[in-house]
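**Student:** My questions all concern the structure below.
The values are calculated or read from the model by the stated rules, or taken from the named source; none is laboratory data. Every value quoted in this text rests on a predicted model; they were computed, and no experiment measured them. No Cβ is skipped: glycine too gets one built from the backbone with ideal geometry, and neighbour counts run over all protein chains shown. Please note that ligands, DNA and RNA were not included when accessible areas were found on the heavy atoms of the full protein model with its side chains. Shrake-Rupley method; radii C 1.70, N 1.55, O 1.52, S 1.80 Å.
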Amino acid sequence: SLGFQDVLSHGRTSPVASYKKLQGWSSDQNKWNEKLYPFWEEGDPRWKDCWKGGRVTAKLDTDSPALVGSNVTFVVTLQFPKCQKEDNDGNIVYERNCTQASQDQQVYVYNWTEWIDNCGWENCTSNHSHHVFPDGRPFPHYPGWRRRNFVYVFHTFGQYYQTTGRSSATFSVNTANITLGKHVMEVSIYRRGHSAYIPIARASAIYVVTDKIPIFVSMFQKHDRNISDSIFIKDSPITFDVKIHDPSYYLNNSAISYKWNFGDGSGLFVASSSTTSHTYTLQGNFTLNLTVQAIIPVPCRPVTPTAPPLTSAATTGTSSNSDSATTVESMEDNPDGGCHIYRNGYYRTGISVVEGILEVNIIQMTSIQMTESQAENSLVDFVVTCQGSLPTDVCTVVSDPTCQVSKSVVCNPIIVTDECLLTIRRAFEEPGTYCINITLGDDTSQALASALISVNGGSSSGTTEGVFIFLGLLAVFAAIGAFVLYKRYKQYKPIERSAGQAENQEGLTAYFSNFKAIFYPSSTERNPLLKSKPGIV
C-alpha cells in the first residue's frame, strides 16, 4: 500500500530521516487512501480527463525568507482553463460572453451544489466515507465547509498537512523546528468527484529559513534620477531606509538597533530608528556596512540545580548532565524573569560619490536694445552662475506665469573651462509675464534655477520692466551613466506654482525628453541662440 511519502514525493524515494515535529503536521510514513484519493504518475493519460475543458494549473507562493522562529506563509492558487471561474457557492462556471449559451443562463463546469443537494454524499454513503482526508481523518465541519470542494495536501520536512479549500488556500507554519537552509514545499490538489476525489494539479516552491534577519536598504538623495546606480553627489544628504522582512510580525516586541559604518572615516553610528541620513563630504568610492540587531524576548528555559547558569553572552552550550547535546539559543536573563534571543542581520554595499553641479543662480537679467527692424522679438540676457562641477550643457524652458504650460524648450552644449559664469540669450515673441527654468547639466548631475520675468514689447530698451523674482537655490540632480547617452532627449516636468507664489520656493525639478509634441507645435523663440558675442549662449 502507498504511504504519504510515496504520493507527495511524486514517486521519488528518499531515506527515512528523523525530523523535529511541526505543530499540526503528521509524519509522511502514514498510509494513503488510494481508493478515495487515486495517485497518478506524471504522464498518466488519466490526467487529460481530470478536468472539463482543459488542464488546471496551480501556483504556490511563499513569503520566504523566514527568520527561524517566525512563521512562513504559503498561498496556493488554482488557475482554471479559459473562461472558467469559481462562483460564490464554490461551483465552477463559465464566464458570461465566453459560451454560446443565453446571457441569462448560467453554464456550469461543475455544479457541486447540485450534487450535494441531490445526493449529499451523506445520502449516497452510509458512513460518510467521502468526507475524510487521505489519512482517514474527517473534514472539519466549520461554516461553509460544503463549499470547499478542493483538498490540499502539503508536504515538507518529512511531514504533511491537509486542508480543504476553494480555488485558493493559505496556511502558515512555524519555523522553530525547521533546520536552517533551503527546503521544498510541495502540494497536491484534489477536486470533489462522484465516487472519489480526482487529482487535478501539483505544485512546489522553495523556501528559506535563516538565522540572519532579512533586511533591505533603500537609498534616496533629493532629486536623484537613478536610485539603483549607487552613485551620489557629495555635500548632499543621502537618506537610508531599512526594511526588515518580517511578514509574521515575529520581531514586533523586540528591541531593534541599527549600527552604521558609512566607510568614510566618520565612525560608527548606532540608532534606534530604521531611517537615517548621512552626507559624504569627499569624492570617491566607499563601502557601507550595516548591522541590525534584534533582542527578542522569549520564555526562559527551566533551570535545574545541576544546569550551568546562563551567561550574558552565551551562544551555544550543552547540558552537563545530559547524554545528548542541548542547543541553547543566544539568551540572557531578564530582570522580569524572561530571556532574550539575539538575532542579527547584515547589509553591505559600495557607494560612489561624485562632485556634481550643486547649485545654479540667475544673478542678472538684462533686456537687449533692439533696432526698429528687429523689434519683432524681445531679447533678454540671463547671467547664470553655478557651484560644483562645470556644466557641459544648458536647457531653457519658457512657460506661462503659473509654470504649468510650457511654450518652448531649447537645449545646447556649452564649453566652460574655468569659472561657471555664462550668459544665456533668449528671445520672446510677445510681451507678457513668463516663467523661466534654466538647467545646467554635466555627465553626472543637473541643477535648476527658475525665475518669473515681465517682458515689454520688442522696442523696449535698458533693463526689463516688471518683475524678476528668484525662486531660490534649487536642488541637485544625480544622473549618472544613462544621462551621458540620453541627455539630448530630455523630458521637462514643469514646476507647480502660481504667479502669486513667486518667492522662495525650493525643490523645483526639470526633466527632459524628445517628446516635443507635449509642447507647442513650434517654438515661440524664432532666434533662440545669438552667438555674435563671445560667451553668449
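Residue-by-condition table, conditions (1) assigned to a loop (DSSP other than H, G, I, E, B); (2) in contact with a strand residue (DSSP E or B) (Cβ under 7 Å, 6 or more places away or on another chain); (3) buried (at least 16 other Cβ atoms within 10 Å of the Cβ):
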| residue | (1), (2), (3) |
| --- | --- |
| G350 | no, yes, no |
| V353 | no, yes, yes |
| L358 | no, yes, yes |
| V394 | no, yes, yes |
| V397 | no, yes, yes |
| V410 | no, yes, yes |
| D418 | yes, no, no |
| T423 | no, yes, no |
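**Student:** Sticking with this one: I need every pair where a residue in the stretch 75-86 that is more than 16 Å from N111 (Cβ to Cβ) and charged (D, E, K, R) has its Cβ under 8 Å from the Cβ of a residue that is at pLDDT 90 or above and open to solvent by less than 50 Å² (accessible area, probe 1.4 Å), sequence separation at least 6 or different chains.
**Tutor:** K82/G54
**Student:** Continuing with the same structure: On the given criteria, is V209 open to solvent by less than 30 Å² (accessible area, probe 1.4 Å) and among the aliphatic types (A, V, I, L, M)?
**Tutor:** Here the answer is yes, as V209 does meet what is asked.
**Student:** Let me ask another. Picking from Q106, Q84, which residue would you name as being modelled with pLDDT of 90 or more and closer than 20 Å to W51 by Cα? Walk me through how you get there before you give the answer.
**Tutor:** Numbers: Q106 fails: modelled with pLDDT of 90 or more.
Testing whether each residue is modelled with pLDDT of 90 or more and closer than 20 Å to W51 by Cα leaves just Q84.
Residue-by-condition table, conditions (1) closer than 30 Å to E42 by Cα; (2) among the β-branched types (V, I, T); (3) in contact with a Phe, Trp or Tyr (Cβ under 6 Å, 6 or more places away or on another chain):
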position	(1), (2), (3)
G165	yes, no, yes
A205	yes, no, no
F240	no, no, no
H245	no, no, no
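**Student:** Restricting attention to the stretch 39-65, which residues are polar (S, T, N, Q) and in a loop (DSSP other than H, G, I, E, B)?
**Tutor:** S64, the sole residue that qualifies.
**Student:** Okay, moving on. With the structure loaded, tell me whether V153 is of a type in the set (V, I, T), touching a residue at least 24 places away in the same chain (Cβ under 8 Å) and surrounded by fewer than 20 Cβ atoms within 10 Å (Cβ to Cβ) or whether it fails that test.
**Tutor:** Considered against the rule, which asks whether it is of a type in the set (V, I, T), touching a residue at least 24 places away in the same chain (Cβ under 8 Å) and surrounded by fewer than 20 Cβ atoms within 10 Å (Cβ to Cβ), V153 comes out as no.
**Student:** Can you pull out every residue in the stretch 425-441 that is open to solvent by 10 Å² or more (accessible area, probe 1.4 Å) and within 44 Å of the chain's Cα centre (by Cα)?
**Tutor:** T433, Y434
**Student:** Exactly one of these conditions fails for T306: (1) β-branched (V, I, T); (2) farther than 24 Å from Y249 by Cβ; (3) surrounded by 11 or more Cβ atoms within 10 Å (Cβ to Cβ); (4) at pLDDT below 95. Give me its number.
**Tutor:** So the condition that T306 fails would be (3).
**Student:** Six or more apart or on different chains, Cβ atoms under 9 Å: show the pairs whose first residue is in the stretch 243-272 and outside the structural domain of S70 (by the TED database) and part of a loop (DSSP other than H, G, I, E, B) and whose second is open to solvent by 40 Å² or more (accessible area, probe 1.4 Å) and among the aromatic types (F, W, Y).
**Tutor:** Cβ pairs passing all conditions: H245/F216; F262/F269.
**Student:** Within the group T179, T175, which residue is open to solvent by less than 10 Å² (accessible area, probe 1.4 Å) and over 30 Å from C50 (Cα atoms)?
**Tutor:** T175
**Student:** Determine whether the stretch 205-215 contains at least one residue that is more than 23 Å from the chain's Cα centre (by Cα), outside any loop (DSSP other than H, G, I, E, B) and in contact (Cβ under 8 Å) with a residue 60 or more places away in the chain.
**Tutor:** No: zero hits.
**Student:** Can you tell me which of W115, W121, W145 is farther than 30 Å from V209 by Cα, open to solvent by less than 30 Å² (accessible area, probe 1.4 Å), at pLDDT below 90 and among the hydrophobic types (A, V, I, L, M, F, W, C)?
**Tutor:** Of the residues listed, the single one that is farther than 30 Å from V209 by Cα, open to solvent by less than 30 Å² (accessible area, probe 1.4 Å), at pLDDT below 90 and among the hydrophobic types (A, V, I, L, M, F, W, C) is W121.
Table: residues versus (1) open to solvent by less than 30 Å² (accessible area, probe 1.4 Å); (2) touching a strand residue (DSSP E or B) at 6+ places or on another chain (Cβ under 8 Å); (3) modelled with pLDDT under 95.
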| site | (1), (2), (3) |
| --- | --- |
| I213 | yes, yes, no |
| K222 | no, yes, yes |
| I227 | no, yes, yes |
| D241 | no, yes, no |
| T281 | no, no, yes |
| N289 | no, yes, no |
| A294 | yes, yes, no |
| P299 | no, yes, yes |
